[in-house]
Each structure stands twice: as C-alpha cells, then as structure tokens.
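Student: Take this structure first; my questions come after.
The values are calculated or read from the model by the stated rules, or taken from the named source; none is laboratory data. Since we're looking at a predicted model, the values are computed, not measured. Using ideal geometry, Cβ is built from the backbone for each residue, glycine included, and neighbour counts are taken over all protein chains shown.
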Amino acid sequence: MDKAESLRQARQKLLDYVRMNSMRNTPERVALLEAIYSTEDSFSAEALSSQMSQKRRMRISRATVYNNLGLFERAGLVRKVFLNNQVLFERTDRGKGVIRLQCGRCGKVTEMNDERVRHLIEEMRTRRFTMSDWTLNVYGLCSVCTTALKRKQNKLKNKTDKNKNENRKD
C-alpha cells in the first residue's frame, strides 16, 4: 500500500472513530495524524511535538500531542512500543507483527523478517484471547558491540596474564 492510500485510510479510520465517540475532528488532530503517517520510524511524543513546531510551523501543546496519541492508540492508528527505556509510538499500518533486535549496549534497534518465526506466532493458539497484532523484541548485543566487548576482554586477559607472569618472576 502506498503512502497516500495509507494516509487516506488512516484519515477515514480517525473520522469514523471521532464520529462514533461524538468528538470533533480538529485541524490539529488531522495535522498530527499526517505528521505520523509521513514517517516509517517509531517516534516519541516529544519528537512529534518538536516536528509540529519546527517543520510544520504549528504550535500544538504537549498536552494536545499526548491526548491525541492516546486517542490514536484507542482508534487503532498507532501503538505504544518500549525501546531503549523509552515510550515510543509507531503506525499500525506497517503490517502485522514486528521482530526487533535491540542491542543492550548501544541501543541500536534492527527490524528483521523471519517467516518461520512469523508463522509460529501467527499459528499460536491461545485460550480466551484473540490476537490482533504482535511485536517480538529480542535483546542482546549487535556485532559492533560484540566485537568491542571481545577486544576489551582480550586486552584485560592479556594484561592479567602479563601481571601473573611478572609475579612469577619475582
């Protein structure tokens, strides 16, 4: 689905939600939705607020941003994700299920696609629960941090071995 179609569907979903809940569809709300659907990345409420004032030249209070993110979440337009000890949001139209690899040292997050894992999760049977979407976060170390850690450990080991050999000579 292209960006324009995705945004059109999101606008319609928002319009249906606000009508169903007897709310107004404000220009600020629509502008926030457009900003969210202009990016593929996860974002924080602060980053969205900043983007609105800098790039879109709209002054929207943080309270309005937070309130609308909550509304968008209830409407099924965004979902809350927890990455790098932060609360972030992402669009829900990116497809069902996300597999993320997160480095515990540098915080780098990489999304991956493994059809075997996707298939296992989607075929999972749960009692008294209907799955609508899923996210799998895998924590560990990225290759850069693994290499740096190994170098550091080897340096420490060599230093320790050198100190042991010097102590034996004495």
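Student: On the given criteria, is V138 surrounded by 10 or more Cβ atoms within 10 Å (Cβ to Cβ), in contact with a strand residue (DSSP E or B) (Cβ under 6 Å, 6 or more places away or on another chain) and closer than 30 Å to P27 by Cβ?
Tutor: Values: surrounded by 10 or more Cβ atoms within 10 Å (Cβ to Cβ): yes; in contact with a strand residue (DSSP E or B) (Cβ under 6 Å, 6 or more places away or on another chain): yes; closer than 30 Å to P27 by Cβ: no.
It is false that V138 is surrounded by 10 or more Cβ atoms within 10 Å (Cβ to Cβ), in contact with a strand residue (DSSP E or B) (Cβ under 6 Å, 6 or more places away or on another chain) and closer than 30 Å to P27 by Cβ.
Student: Select the strands (runs of 3 or more DSSP E) contained entirely in the range 82-124, then report the ones holding at least 1 residues which are touching a helix residue (DSSP H, G or I) at 6+ places or on another chain (Cβ under 9 Å), of a type in the set (A, V, I, L, M) and at pLDDT 85 or above.
Tutor: Working: elements: 86-91, 98-103, 109-112.
In the range 82-124, 86-91, 98-103 are the strands (runs of 3 or more DSSP E) which contain 1 or more residues that are touching a helix residue (DSSP H, G or I) at 6+ places or on another chain (Cβ under 9 Å), of a type in the set (A, V, I, L, M) and at pLDDT 85 or above.
Student: Now for a separate question. Consider the range 133-170. How many of its residues are β-branched (V, I, T) and within 21 Å of the chain's Cα centre (by Cα)? Please lay out each step first, then the result.
Tutor: The first filter runs over the range 133-170 and keeps only residues β-branched (V, I, T), leaving 135, 138, 144, 146-147, 160.
Subsequent filtering for residues that are within 21 Å of the chain's Cα centre (by Cα) retains 135, 138.
Adding up the residues that qualify gives 2.
Student: For the range 55-75, enumerate the residues that are farther than 14 Å from I36 by Cβ and within 18 Å of the chain's Cα centre (by Cα).
Tutor: R74
Student: Residue pairs, Cβ under 9 Å, 6 or more apart or interchain, first in the range 104-130 and within 27 Å of E40 (Cα to Cα) and without any contact (Cβ under 8 Å) to a residue 60 or more places away in the chain, second loosely packed, with under 11 Cβ neighbours inside 10 Å and aromatic (F, W, Y). List them.
Tutor: What qualifies is G104/Y139.
Student: Within the range 54-100, track down each residue that is in contact with a Lys or Arg (Cβ under 7 Å, 6 or more places away or on another chain) and either surrounded by fewer than 15 Cβ atoms within 10 Å (Cβ to Cβ) or on the phi < 0 side of the Ramachandran plot (or both).
Tutor: Result: N68, E73, A75, L77, V78, V87, F89, E90, T92.
Student: Give the number of residues within the range 1-47 that are of a type in the set (K, R) and in contact with a Lys or Arg (Cβ under 7 Å, 6 or more places away or on another chain). Outline the logic, then answer.
Tutor: The initial filter retains those residues of the range 1-47 that are of a type in the set (K, R), namely 3, 8, 11, 13, 19, 24, 29.
Imposing the further condition that a residue be in contact with a Lys or Arg (Cβ under 7 Å, 6 or more places away or on another chain) reduces the set to none.
Qualifying residue count, the range 1-47: 0.
Student: Take G97 and decide whether it is under 30 Å from V138 (Cβ atoms), out of contact with any Asp or Glu (no Cβ under 8 Å at 6 or more places or on another chain) and of a type in the set (G, A, S).
Tutor: So G97 fails the test.
Student: Report, ordered by the first and then the second residue, all pairs with beta carbons closer than 8 Å, sequence separation of six or more or different chains, a first member in the range 57-71 that is of a type in the set (F, W, Y), and a second member that is surrounded by 13 or more Cβ atoms within 10 Å (Cβ to Cβ).
Tutor: Pairs found: Y66/A45.
Student: Taking the range 29-47 as the region of interest, how many residues are outside any loop (DSSP other than H, G, I, E, B), surrounded by 16 or more Cβ atoms within 10 Å (Cβ to Cβ) and in contact (Cβ under 8 Å) with a residue 24 or more places away in the chain?
Tutor: 6
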